[in-house]
Structure formats: structure tokens, C-alpha cells
Amino acid sequence: MSGGASGRIEVRGLHKSYGSTRALAGLDLELRSGEVLGIAGPNGAGKSTLMRILAGEERADSGELRLDGAPWSPMATAGTVAVVHQEPQLFPNLSVADNLMVGREGSRLRRPRLGAADRALAQALGIAAYAGRPLSTCTLATQQRVEIARALARDARVFLFDEPNSALTDDESDELFRELHRLAEAGHIVILVTHRLGDLVEHTDRVAIVRDGRVTAILEGEALTEDGIARQLVLGGVQVHAEDMAGTPPIAALPGQPVLRARGWSHLDDAFDGIELAAAPGEIVALMGVEGSGARELLRSFAGLERCAGEIAVAGRTDLAGLDRSTAYVSATRQHSLYGHLSVGDNLLARLGRPEIAGLGLVLRRARMRERAEDAVRRFLIKARTIAQGIRSLSGGNQQKVAIAQAMMKRPILLLLEEPTRGVDIRSKGEIYRLLRGFADAGNAVIMFCTEVLEMFEAADRVFVVSDGRLSAPLLVKDHTRVEELATSVTRLERHGRQGR
Amino acid sequence: MSEMTDAPSSEAAAMPTTSRMSAAGRATFELGLRLGGLFIAIVIVGIIFYSLNPAFINADVIISLLRSMSSVAIMGLGLTLVIVGGEIDLSVGAMYGLAANAVAVMWILGDVPIYLAIPFALAIGALVGLFNGLLVTYARIPAFVVTLGSYNLLYGLSLYISNAGTFNPIYPPEGYKVDPVQLKFFQALTAQFGTHRMSIEVLWMIALALLVGFLLHRSLFGFRLMAIGGNPVAGQLARLPVRRYKITSFMLAGVLSAAAGVLDFSFIQTSQPDIGLSSTFPVFAAVIIGGASLAGGKGTVIGTLGGALLLAELQIGLALLTLGPHAQQLFLGFVTIGAVALDIALTKLRARTVA
């Protein structure tokens, strides 16, 4: 492992354009070994482009990269920069040990085996015990550690963590950050890209704010706070969503028939048991729980995606066809909602059928489709040039708006959302919450599975904590004036729930 | 499907929507870029053959070119639907053969009137498609495996029912008779007319292309098939009838292949147990050259027709040059790879100009 004390990367005047779009417009940045540098910015600000250039996946149009003072081309020196992905990019069919070896087998015909150094490395990272297991059977956290080990075995000097903990449990993510700090202490250059402001404050030495293809601010020391980052991120943009939401007081649960009522609702594979839950018209309900608590499965079960027993009624109807028509589900994974090969317009209309977009004989009504899609782009605040542009050319936040709009356009009365703003920039978050509120205000209900307290605080009326497959007593968000109070209540309920079993 | 990350061009996405007017224009431009390469290739190949042998460009050759592309095109229409739906059907050629043999056996040996034998053969096509579709969607066996199996099954059936024999309705086997009125009807299906002796089979091809074109590009079925084909998981979570749509695409492929078999039998007048098998790969080549993606969610009727036309052009052009059968195979190989390489290059170009 190398990593000289003098090690640093200088980025000067980086430019990169895609057609008429400027992704990077003269970006300057300095990366120092031994420190953790955070990078934050709204989606589409140029973050991903910068990452791709550093990782050697793309070439800049102009600008200069220097490593230890010498001109440096990441493309020519593969292995210098290692990326630890949100979803590890490894060989799931091979064993953990084989994953460490692939690409370094040498020329011998004999099947390669782990050397002593590799074994020590695996030991240090706590993956030695899994050496013989197929990678696909390991948890995401283990897979990420394999990715780190693989990079260390190749003498990588720069570690780029790209939203690494968005799918990890709290414990796993603590473990990952410990590893990240160890890497920095060992003299590596460590970069953390994440939307989680708390992680940036807690785990980085400096945070570079990337906006409009440039580094617009660097926060460190006293200035490095969640508020400080948030302010930088929305600078010059729309108002912070917290203020925005304050204008629309949540409607108290309306009397009358609930939109959803579940009684004795139990998962056949034991993710949850004996759930009693009702959601009133106008209400946004959040289900909070860590991975494995049953919260995610509970949400999916309302969409008919899990095998369950018990009683369930949506707007009084209990039959499957009724459920199908009156609920719409949006997965946390955007690839599960959007059609990457289709246009923005077609994605918006994908759940519709007759009579919305097709007439007799199932003939598509082209004019009406265009009208509806254009109307949706306006109504759902989607930033797109035309409805004909490919969905993938939108930023992550706008893609997520399309995913949710697609579900809303089906006119369900119950919207089921899994982590509705995962990986979404702060501005889009606010807009998505506003859309959900509007939807609920029209007499519908939203149930969402969340992992972030801030999200519940901003968007929900009632919060249930799920632990060990059981629901807590509800928390009313309006009883909490600050997000910290809600976080305390949630933590208390969660601890209580775990001990209660 | 590749990842959906925040793409670099989102600043452009944030631009005011000034160019909304040109959305249709841009779509046309994209289609032009996509199909442009194919039709330029057709013209260039034509010019090359013409310069080598001026006999290549005359009305008779062009008319016969249209005839000879028609059965590949009709099978290709069905295969396009299946491929757009994200699946694959290796049994189209074998289905073509089974339909021709079934008509021959039922009509010539079995004394079933041709008016019934043809609908019956088409129904077999639908049934085979249903069989393929059910195994793929409900038994979850990969379509490659299922249709490779049915390719062999159907060929086996053709051998069995025909007893490995060849049939020609004009010269029925000893002791069998074919009703002349029925023979006339059968021949009329692909009769040639006009000064250049154009076969009606070409008109069938055009009519079926219009029908499938409507289905794929103008109907809710096509809209959803396109979506499902590119991302079946999203389709399922949005509660679109993914299985039903895929099964329907297999059934249409079966019926269209059967139709191609019947029409070619009517034109060639001879059925053999193994006819159609050798057109399996040309049909795939036509669809792929036409821009359909084996990953699903992408494909056009006009592209498939263009692909079939290009193949027929090569076939006839090379035959006129009398270079020998190896030349055709070599060219088929080059053109298939070349067309896809060209499509990838054009897609890149498009990404650069339209992004």
C-alpha cells in the first residue's frame, strides 16, 4: 500500500460538455491524502461527471489533473482510484475469495489462491469468514467490504464512496464509516458523496459544494453544519422546503370511511404479525423501521406484493380487483418504476390504459397523450425540455418525480411509496412533499415507508415505528415542533418495540 | 437495463421549455437517423450491384425482390413483436414449415377443403404461440430454451405428418385428387398480375405490415408491449398484464409464421418437411438489422421491412453475379454485424446531437 504524505490530487479548470449541456464549467478542487472530503450538490450539478472523470470512466474536455504534482490521467492509470458503490459492482456468481482475485490471477494455469497478504487483508476487513461463500449470498455491507478489499489489494490510493450507505442498516453503516476513517488514517485520499447531510457533517473534514459545474463553496470547521450545507445547496433556488411546508397545515384525519383499513394483517413469511392500521382521507402515514423490521414488507403488502393473511379493505372494498384499481405502489428502486428506454412522456403515461390514452379498438389517442403528458410535466413540476426527451436525461430528482407522477396519474385513492425521496436532492424533495400533500388534500391517503426522520417530519401526519414486525402507537407529527424531538420519540419507540418482544 | 443515475444533461433539463414545438420534428429526426442508415445501405448496395451488373435495376428484378422478401418479412413482423416484448422466438421458421406441411397433408391427403385447411394451419400457429408463451411466462423457462425445443418439436411434427414426403397440389400422389376449384383458389392467394408479374404475396406482406404496424405503434397493446419489453419488473409492479401481453406476442408470431408458410407454399407449390428451417436466421437478421434490440423494448415494423429488403437485395444481387452460395452467407454475416455496429454508432451520434 502506498500513499505518500505528499499525496494530493489537484483538479484545475475541468470542463466537460455533453452536446449542448455543460456538466462541468471550470471546476477546481484539491484532494489531500489523510482527509475525508465530502462532496454535495443538487442532482445534475456535475457531481457524477466529476466522479466519472476521477474514476477514469470518462475524459474531461479540458482542464488539468495532477497527482503528487505531476500531470495525471485517471484513464491511463486504472486501479489508482477505487469506487465503492451503493450497489457493489462485482461478480455476484463468484465466491468472496475469487472476487478478490479476479483480474490478478497471473499467467499460471493453476487455479489461483489467496496469498498471505490477501488473507490478512480479508481478516482486517472482517470478510475472511465468508471467503468461500458466493458473493450473491452476502449482505450488501459485506459486498462493499469486498469491494474495498479488492481495491486495497490493487494498491488503490483514492477511495471514492458514492452514496455508500443508502441501503445499509445503521450498524452496517457505522461499520462502513469506521472503515472509511481507517482508510484516511492510512494516508489514502477518501471522498464521500452522499445526500445525507448528517453523514457529511459527522464523517468528513471538508465538504465541497458543487453547483452548476463548479465548486461554489468549501465548508470546514465551524461552518460545517447540516444547516450550512443545506443553505449552500438551495442557495439561489427555491425556498427551503421546511418553510414551504409550513404554509399547509396537515388536515386532521377526516371523519368517515378510512381509505385503508387492515385488521389482523399478518405476513405469511413472518415479516410482521397482527397489524391493525387505518389511514383516513387526507392523511399521510409514515411507516418507519430499519431493514428487517418488517416495515418495508408491510408497505409492499398493501400493494398486494407479499403473501398475507387477515382483513384488508381499501375504501371499503376487499376484493383484489378493487385493491388493484384504487392503490398504486412506487418502489424505492427507480429502475422498478421507470422505463429507461422510453421518453419522459411515455413514462408518465405508462400506467394508463383505456379510456385515458386509448379509445375503441385500443387505438392510442396521440393528441390526448401529448396533452396529458405535457400537463403532467407542468403539474408535477418536472424539469424537462420536452416530453419526447429520454427519461435518463433527467436528473435523479426529476426522474423520481416522474415515477411518483406516473403512479398518481392512475388516480389511485391510496398511494404506497417506498422511500419516496431516496437519492433525491433537497430541492426536489421539497417539491415531492408538496405533491404528496396536494394529493392527500384531495381526499386521498398516502402511506410511505421511510428511513429518515427528517422525511417524516417534513411530509407525514402520523408516524408508526415498526420493530420486530409490530406497530408502535402512532406519533402525531404536529405534536413535535422540531425534527430532533420527533427523532427522540422515534428512537424511544423503536427501542421500546425491540425490548417488548 | 442499465442504471438510472442522475445523467449529466440535467442542466439542459432545467432549461425553459422553449423547444416544445419541435418535439414532433425531433422525433422524426431521430427516426430518420435510426432508419436512415438502413435505407442508405439499401440504396448503396443497389448502386454497387447495378454498377457490377446493370441488369440488377429493372422492374422485373425489383418486383421479384419484393416477392422474395415477403415471407421473411412476414415472419419478421411476428418476431419483432416477440423481441419488442423482451423475449425471443427461435421457432418461427419451423412453424412456417409445419403450416405448409399441415395444409399439404390435410388438403391433398386428408381431403379437407382448402378453405378449412388454411384457417386450421393458422390456428396451429396460434396454438404453438400459446404453448411457447405459457411455458415462458408461467413455467418461467427462458424463451431461448422453450423455442429451441419447439423448433425441434415442430420440425419433428412436420416430418411425421408428411411422412418425410414432398407435396405438390398440381401433381398429387397416386390415388389422390385435388379439386380444381380449390386449387385455383389456393394459387390465387399468391397469383401474379400486371405486366411485371407482381405476386399478390407482396400485397399480403404490405397488408400484414400495416396491421402489425398499427398494433405496435398505434395501439395500447404496442405501447405497453414496448414498455414491458424494456422493463418487465416495472410493468409488473404497475400491474400491467405482462404475461398476457407476452403470450399474445408469441401467438401473433405463430400465426404470422403460419401465414408466411401457407403463402409461400401457394407460390412455390411445393412443400417439403424441412422448408422454413433455413429461414430462421435470416428472419432474425432482418429484425436485428431493422433496429430491434434483443434487450427488448425497441423495434419498428418499418425497420424490419427494411432489414428483409436488404437481405433479399443481397440474395438476388449476389445470385445475379453468380459468385456461388458462399458469397451469400458471407455477406449475410457481414451485414448483420455491420448493421448493428452502424446502429450503435448512430445511437451515439444521436445522443451527442440530441442530448
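The values are calculated or read from the model by the stated rules, or taken from the named source; none is laboratory data. All of these numbers come straight from a predicted model, not from anything done at the bench. Please note: Cβ atoms are built from the backbone with ideal geometry, for glycine as well, and neighbour counts cover all protein chains shown. When the accessible area is computed, the model is the full protein with side chains, heavy atoms only, and any ligands, DNA or RNA have been set aside. Shrake-Rupley method; radii C 1.70, N 1.55, O 1.52, S 1.80 Å.
The eigenvalues of the Cα gyration tensor, multiplied by 5 and square-rooted, give the range B:26-354 an equivalent ellipsoid with semi-axes of 32, 27, 16 Å from largest to smallest. Per the Cα gyration tensor, the protein assembly as shown maps to an equivalent ellipsoid with semi-axes of 55, 34, 27 Å, ordered largest to smallest. The apolar share of the surface of the protein assembly as shown, taken as the fraction of accessible area on carbon and sulfur atoms (1.4 Å probe, ligands and nucleic acids excluded), comes to 58 percent. Think of it as helices only: each DSSP H run of n ≥ 4 in chain B is worth -39500 (n - 2.57), and spread over all residues that comes to -24000 deg cm²/dmol at 222 nm.
Dividing the helix sum by the residues of chain A, where each DSSP H run of 4 or more adds -39500 (n - 2.57), gives a mean residue ellipticity at 222 nm of -9500 deg cm²/dmol.
With protein chains left intact and a 1.4 Å probe, residues in the protein assembly as shown average 43 Å² of accessible area per residue.
FRET efficiency for the residue A:363 to residue A:319 pair, using the beta carbon distance and R₀ = 30 Å, is estimated at 0.50. Protein-only accessible surface at a 1.4 angstrom probe places the residues B:268, A:148 in the order B:268, A:148, largest first. Evaluated over chain A, the count of Lys pairs having alpha-carbon atoms less than 28 Å apart is 15 (only pairs 8 or more residues apart or interchain). Looking at chain A, the DSSP beta bridges with both ends there are about 55 percent antiparallel. Rounded to the nearest 10 degrees, the inclination of helix B:92-104 to the longest alpha-carbon principal axis of chain B is 20 degrees. Annotation for the range A:37-100 versus the range B:195-264: alpha-carbon center distance of 44 Å. If R0 is 45 Å, the Cβ-Cβ spacing of residue A:205 and residue B:344 corresponds to a FRET efficiency of close to 0.55.
Tell me the angle of helix B:242-268 to the major Cα principal axis of chain B, expressed in degrees between 0 and 90 and rounded to the nearest ten. Around 40 degrees separate the two axes.
In this label model, residue A:155 and residue B:269 are separated by 7.8 nm, measuring between points 7 Å along each Cα→Cβ vector.
Given +1 at the Cβ of Lys and Arg, -1 at the Cβ of Asp and Glu and no other charges, the dipole of chain B around its Cα centre is 880 debye to the nearest 20. When all alpha carbon pairs of the range A:128-226 are counted in 10 Å bins from zero, the resulting P(r) reads 13, 43, 32, 10, 2 %.
Computed over chain B with a Gaussian network model linking Cα atoms closer than 10 Å, the most mobile of B:213, B:194, B:229 is B:194. Residues whose amide H lies under 5 Å from that of residue A:275, counting only those 5 or more places away or on a different chain, are A:264, A:265, A:266; hydrogens are built 1.01 Å from N in the peptide plane. The local environment of residue A:75, defined by Cβ-Cβ distances under 10 Å, has a net charge of -1 under the rule Lys, Arg +1 and Asp, Glu -1.
With the simple spin-label model, which puts each label point 7 Å out from Cα in the Cβ direction, the residue A:307 to residue B:123 separation comes to 3.9 nm. Computed over the Cα atoms of chain A, the ratio of the radius of gyration to the Kirkwood radius (Rg/Rh) comes to 0.99.
Counting 0.36 nm for each residue step from residue A:25 to residue A:484 and taking away their Cα separation leaves a gain of 161.4 nm.
The heavy atoms of residue B:217 present about 50 square angstrom of accessible area, all protein chains included, probe 1.4 Å.
Spin-label model, residue A:182 to residue B:203: label points 7 Å out along the Cα-to-beta-carbon direction sit 7.9 nm apart. Secondary structure note: in the protein assembly as shown, about 55% of the DSSP beta bridges are antiparallel. Within the listed set B:274, B:264, B:111, the Gaussian network model of chain B (springs between alpha-carbon atoms below 10 Å) gives the highest mean-square fluctuation for B:111.
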